[in-house]
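Here the structure comes first, spelled out in structure tokens, and everything after it is commentary.
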Amino acid sequence: CPVVLALKNGSVAMPPPADIVKVAIEWPGAFPKLMEIDQKKPLSSIIKEVCDGWSLANHDQFALQHADSSNFYITEKNRNEIKNGAILRLTTSPAQNAQQLHERIQSSSMDAKLEALKDLANYSRDITFAQEFINLDGISLLTQMVESGTERYQKLQKIMKPCFGDMLSFTLTAFVELMDHGIVSWDTFSVAFIKKIASYVNKFASDISILQRSLAILESMVLNSHDLYQKVAQEITIGQLIPHLQGTDQEIQTYTIAVINALFLKAPDDKRQEMANILAQKQLRSIILTHVIRAQRAINNEMAHQLYVLQVLTFNLLEDRMMTKMDPQDQAQRDIIFELRRIAFDAESEPNNSSGSIEKRKSMYTRDYKKLGFINHVNPAMDFTQTPPGMLALDNMLYFAKHHQDAYIRVRL
């Protein structure tokens, strides 16, 4: 039931209609206007009404946007999200704003270009603006700036190099925000652009913002395009990524693991084990334990998720082995079982055991296999014909026996 307010004189006041929203609208250099927006009216009519109130012509060149930190444009699709008491701003239309920024980022003035790229990085979060800027072939303009930017601006005086770092950071930020809207396919990018982004992972390792955005771009390339995966895999090695896990910035560590996960996920089946071997050689597990898990800070949700994904991808490599039955007739596999027995009981073996009768050795082996916990004491190979765990169990037992021999013997005792 609608809420009614009882007044002192006994009459009642009905709440305002649901289609009416009371807002304040700002315009630079003027006092804000308090007005009621009728949500049943076309948005263009409301903008015209606001423009007429400030005597502004060409109302089709204006738009309304939220005056909060988002600065998102108000459209027919999202206008129902406006709440009573909201503060809006009258501003240039998305199309005109995109056109102006498209021109400004090509300015010959370094200061003007820097300010324009900063604005572009901010506005690109809004899908309404992003669509207009992309329609102007804005993505291509940004990629061209990235491809040619390093050589061009590093020739400037040393005083301008910090400016280049900021410009590159805002350029990459704008690129990431625009691509996140899913309007443009990732398959359209050149090898030159990929090489440039990959080079930033090493060249600008000390610049956190450039490194973070470069890693984010590489991850998206790998996840969204098979062709780009192959090109990125040729440009980035695990050895180049590992040092970023040894720093103190958890966001960089998170993006680094995300790139490793993406490369792992998209790698062909025959390449995944090879990649896992490289990760083992590079001591990835030890590095993560030391610099991430045991670091003196809490692990945030995104890092926890990426670690979980890495763990799942690693465990998945064991599935084939887990579902492989042992062949009791395979002598090489049977030799592994003999090796387990030898390590466990070698110290207790009598010097002349090997010279005993076959029956005596069989009896001794059966006793030892029973002590080791095998179900089938006569032919322990049969224990590994059940899947799971299959051959994975034997692999783990052999690793334990060889690499932790004292502990293995204590367990047996």
In Å and whole numbers, how far do the C-alpha atoms of segment 20-92 stretch along each principal axis, longest first?
-> 27, 24, 19
Using a probe of 1.4 angstrom, how much of the accessible area of segment 235-315 is carbon and sulfur, in percent?
-> 51 percent
Using a 1.4 Å probe over the heavy atoms of the protein chains, calculate the carbon and sulfur portion of the accessible area of segment 20-92 as a whole percent.
-> 53 percent
Could you compute the FRET efficiency for Ile375 and Arg297, with r as their C-beta to C-beta distance and R0 at 51 Å, rounded to 0.05?
-> 0.60
The chain, Gaussian network, Cα under 10 Å: of Val201, Val23, Val309, the residue fluctuating most is Val23
Write down the accessible area per residue of segment 222-323 in Å², having rolled a 1.4 Å probe over the full set of protein chains.
-> 57 Å²
So the carbon and sulfur contribution to the accessible area of segment 331-412, 1.4 Å probe, in percent, is 53 percent
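List the GluC sites (Glu not before Pro) within segment 72-138 that DSSP assigns to loop and that have no more than 14 neighbouring Cβ atoms inside 10 Å.
Glu76
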Relative to the compact-globule estimate 2.2 N^0.38 Å (N residues), the Cα gyration radius of segment 331-412 stands at a ratio of 1.09
What's the extension gain from Asp180 to His404 if we count 0.36 nm per residue and subtract their Cα-Cα distance?
-> 75.8 nm
When ligands, DNA and RNA are left out and all protein chains stay put, how many square angstrom of accessible area per residue does segment 20-92 have with a 1.4 Å probe?
-> 58 Å²
What's the FRET efficiency of Asp137 with Glu319 using the Cβ-Cβ distance as r and R₀ = 51 Å, to the nearest 0.05?
-> 0.65
Segment 331-412 accessible area per residue, 1.4 Å probe, protein heavy atoms, integer Å², reads 63 Å²
What nm distance separates the two modelled labels at Asn71 and Thr92, each placed 7 Å from Cα along Cα→Cβ?
-> 1.2 nm
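Taking 0.36 nm per intervening residue step and subtracting the Cα-Cα distance, what contour gain separates Ala280 from Thr366 on full extension?
27.3 nm
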Extended-chain gain in nm, criterion 0.36 nm per residue less alpha-carbon gap, Gln99 and Gln333 | 77.2 nm
Which one of Ala18, Ala86, Ala174 has the biggest mean-square fluctuation once the chain is modelled by GNM with Cα springs under 10 Å?
-> Ala18
Principal-axis tilt of helix 161-179 within the chain, Cα atoms, nearest 10 degrees | 90 degrees
Helix-derived [θ] at 222 nm for the chain: sum -39500 (n - 2.57) over DSSP H runs of at least 4, divide by residue count, nearest 500?
-> -17500 deg cm²/dmol
Length-normalised contact order for the chain - Cα pairs under 8 Å, 6+ apart - percent = 8 percent
For helix 43-53, report the angle its Cα long axis makes with the longest principal axis of the Cα atoms of the chain; keep it between 0 and 90° and round to the nearest 10°.
-> 40 degrees
So which residue, out of Asn376, Asn261, Asn300, gets the largest mean-square fluctuation from a GNM of the chain using Cα contacts under 10 Å as springs?
-> Asn376
Most positive-pole-ward Cα, Phe204, Ala192, Pro94, against dipole of the chain from beta carbon charges | Phe204
Specify the angular offset, from 0 to 90 degrees and rounded to the nearest 10, of the alpha carbon long axis of helix 250-266 from the longest principal axis of the alpha carbons in the chain.
-> 70 degrees
Toy charge model, Lys and Arg Cβ at +1, Asp and Glu Cβ at -1: the chain dipole around Cα centroid in debye, rounded to 20, equals 1120 debye
Cut-off 14 Å between beta-carbons: net charge of the residues surrounding Lys370, Lys and Arg +1, Asp and Glu -1 | +3
Segment 277-308 to segment 235-254: how many Å between their Cα centroids?
-> 10 Å
Positive-end residue, segment 331-412 charge dipole about Cα centroid, Cβ charges, pick of Met364, Thr385, Ala332 = Met364
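Rounded to a whole number of µm²/s, how large is the Stokes-Einstein D of the chain at 10 °C and 1.306 mPa s, given Rh as the Kirkwood radius over C-alpha pairs?
It comes out at roughly 58 µm²/s.
The values are calculated or read from the model by the stated rules, or taken from the named source; none is laboratory data. Just so it is clear, the structure is predicted and the values come from calculations on it, not from any experiment. Here the Cβ is made from the backbone with ideal geometry for all residues, glycine too, and neighbour counts use every protein chain on show. All accessible areas refer to the heavy atoms of the entire protein, side chains included, with ligands and DNA or RNA removed. Shrake-Rupley method; radii C 1.70, N 1.55, O 1.52, S 1.80 Å.
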